[in-house]
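The next block holds one structure in the form of structure tokens; read it before the comments.
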Amino acid sequence: MAKTLPTFDQLLNPLIKALRALGGSGSIQEIYDKVVELERLTESVLSQLHGENGDQTEVAYRLAWARSYLKKFGLLENSKRGVWSLTAQAKDLDKVNPKEVVRAVRALSKKVGTKTAEHIASSETPDELLQEEAQEEAWKLKLNSILTKLEPAAFERLACLAQRMLRELGFIQVEVTGRSGDGGIDGRGIARINGVMSFHVLFQCKRYKGSVGPGEIRDFRGAMVGRADKGLFITTGVFTPAAVKEATRDGAPPIDLIDGEEFAEQLKELGLGVRKELIETIKIDEKWFEGV
């Protein structure tokens with residue numbers, strides 16, 4: 001069991017091992033969960049947040065660096081939908097030498113050549129290796145900042161936003177309750193499956209900057225027992241592995257979890273306060289000019 005926070009280069013081989021266990025590809029969350037499982041990272045390690053704002057855990061941040069280094073080294077590739085996979089070069093590779101990977105990738109930043117697109121791309125400094133991923137995540141961080149800064153008196157707006165989201169997802173009879181002394185239950189609704197089956201759902205919204213632990217999940221379950229078929233816990237923060245395990249514990253009423261990242265993705269897909277804009281890209285066709 002790992003009781004100390006691993007450095008990003010110490011996560012290179014666990015990351016490869018996790019992807020192999022996942023069948024060669026996985027989402028960022030799947031990779032994170034599998035690394036935590038395989039490395040048996042402790043709660044004290046997983047609860048450490050990166051930066052002052054605490055928008056993500058330090059382990060998640062260092063795994064992002066590990067992914068970027070392995071991508072630069074030619075062992076990983078990622079799709080626009082955020083799925084990471086092992087390349088053909090990594091298929092028969094059991095593990096790497098972390099020092100060799102770091103040395104090779106950092107050497108790219110010192111390479112000097114003609115200013116072709118390929119050379120420019122390979123001349124990134126280590127601090128720029130996460131630029132592409134950071135740009136993709138920037139809007140999520142901004143949204144999370146907006147949600148976590150809501151004044152306590154206006155917090156019910158988060159529950160109302162969750163209500164709107166659930167309606168857009170097909171829930172019916174969704175209402176916000178939020179009565180004091182109701183065990184933290186913020187609302188209820190009915191989830192319809194193919195217009196035939198239905199489940200009564202109670203939901204809770206938590207405006208967190210940090211992580212939600214198993215205690216909050218147990219408290220929510222205690223409040224919902226006998227009153228609904230399922231529970232839905234929504235947070236602007238993250239869930240610890242222990243909280244995820246508690247939510248799916250055998251013999252207990254199931255609770256689905258939506259963390260800050262998933263909440264942001266749902267809002268984006270549904271167009272609720274987040275809109276996608278197309279940006280014009282202009283490219284010069286040098287061969288066209290040569291033929292003039």
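Each value in this text was obtained by applying a stated rule to the coordinates, not by laboratory testing. On a predicted model such as this, the values are computed, not experimentally measured, just so you know. Neighbour counts are summed over all protein chains in view; Cβ atoms, including those assigned to glycine, are modelled from backbone coordinates with ideal geometry.
I'd like the distance separating the alpha-carbon centroids of region 194-209 and region 1-42, in whole Å.
Spelled out, the Cα-based centre of one part sits 30 Å from the other.
Just in region 221-290: which GluC sites (Glu not before Pro) are loop by DSSP and have at most 11 other Cβ atoms within 10 Å?
Taking region 221-290 and a limit of 11 other Cβ atoms within 10 Å, the loop GluC sites (Glu not before Pro) found are Glu277, Glu280.
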